[in-house]
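S.K.: I have a structure here, written as structure tokens, and I will follow up with some questions on it.
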């Protein structure tokens, strides 16, 4: 039987966060707040504004021609497109494993997520559509839920997304897209059209830098320069392979 790592719900009570019954410091789990609000956006039915903190079970709704950006203390971000609705399921931190887990429930519309992987912790970012978990341990991706509330599309810009669709596990790798339906037959991910990829890349750059593709310039002491990209995922089962991106070029004289 397939087992999914249980989500550790963070319940805020005073200055303490309870994760699975174990109290830890509230500062260890990311705070989520609005860093941009355009147009008419509500939180639990009341006006939502920049700087507002989003807590567990808070529902954010964007009206027509409106949008919002939620930012985590660890650097992760979610842009909510017009006419969308989502609920923050919670943010939990497991201190002994240095693992932060975030849960978002998408009820309608479209989002773009930058699930970051800071140096000091591991992260698990989950978006749930109905009872379908969409998991990431470091990725940038877009997710759209259609009007029926059952069919959804995933575009993976950077990193890998894993979808648990019933007894099936679908991996959506970087540069791929897939259309899935709860209770439907699993589809095979396909390459993302260049037009969509370019659009998502513009969204990513507009939101800011990414820890997933941060580059470092390395001097070889000669006519070559090498750029090495960041690690996309620092967690996995053995044997574990880490993928880097490297670009080399000859110096101009």
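S.K.: Among the residues that make up segment 183-198, is at least one of them part of a loop (DSSP other than H, G, I, E, B), out of contact with any helix residue (DSSP H, G or I) (no Cβ under 7 Å at 6 or more places or on another chain) and over 22 Å from residue 149 (Cα atoms)?
M.R.: There is at least one residue in segment 183-198 that is part of a loop (DSSP other than H, G, I, E, B), out of contact with any helix residue (DSSP H, G or I) (no Cβ under 7 Å at 6 or more places or on another chain) and over 22 Å from residue 149 (Cα atoms).
S.K.: Let me ask you something else. Could you name every one of the strands (runs of 3 or more DSSP E) located completely within segment 45-130 that has at least 2 residues being over 26 Å from residue 160 (Cα atoms) and over 11 Å from the mean Cα position of the chain (by Cα)?
M.R.: 59-62
S.K.: Using the structure shown, decide if residue 182 is modelled with pLDDT of 85 or more and farther than 30 Å from residue 35 by Cα.
M.R.: No.
S.K.: So, in segment 134-161, of the ones that are surrounded by fewer than 17 Cβ atoms within 10 Å (Cβ to Cβ) and on the phi < 0 side of the Ramachandran plot, which residue ends up nearest to the chain's Cα centre (by Cα)?
M.R.: Once the filter is applied, the top-ranked residue is 153.
S.K.: Could you tell me whether segment 140-148 includes any residue that is farther than 16 Å from residue 81 by Cα and assigned to a strand (DSSP E or B)?
M.R.: Applying the first criterion (farther than 16 Å from residue 81 by Cα) to segment 140-148 yields 148.
With assigned to a strand (DSSP E or B) added as a condition, the list becomes none.
No; the residues of segment 140-148 include none that is farther than 16 Å from residue 81 by Cα and assigned to a strand (DSSP E or B).
S.K.: Go through the residues of segment 51-74 one by one and say whether even a single one is crowded, with 16+ Cβ neighbours inside 10 Å, farther than 17 Å from residue 111 by Cβ and modelled with pLDDT under 95.
M.R.: Yes, there is a match, as at least one residue in segment 51-74 is crowded, with 16+ Cβ neighbours inside 10 Å, farther than 17 Å from residue 111 by Cβ and modelled with pLDDT under 95.
S.K.: Within segment 146-170, which residues are over 10 Å from residue 182 (Cβ atoms) and free of Cβ contacts under 8 Å to residues at least 12 places away in the same chain?
M.R.: Applying the first criterion (over 10 Å from residue 182 (Cβ atoms)) to segment 146-170 yields 146-147, 153-164, 167-170.
The one that is over 10 Å from residue 182 (Cβ atoms) and free of Cβ contacts under 8 Å to residues at least 12 places away in the same chain: 146.
S.K.: Quick check on residue 17: is it modelled with pLDDT under 95 and either closer than 19 Å to residue 143 by Cβ or buried (at least 19 other Cβ atoms within 10 Å of the Cβ) (or both)?
M.R.: The answer is yes for residue 17.
The values are calculated or read from the model by the stated rules, or taken from the named source; none is laboratory data. Computed from a prediction, not measured in an experiment: that's the story for all the values here. Because the Cβ atoms are built from the backbone with ideal geometry, glycine has one as well, and the counts that use them run over all protein chains shown.
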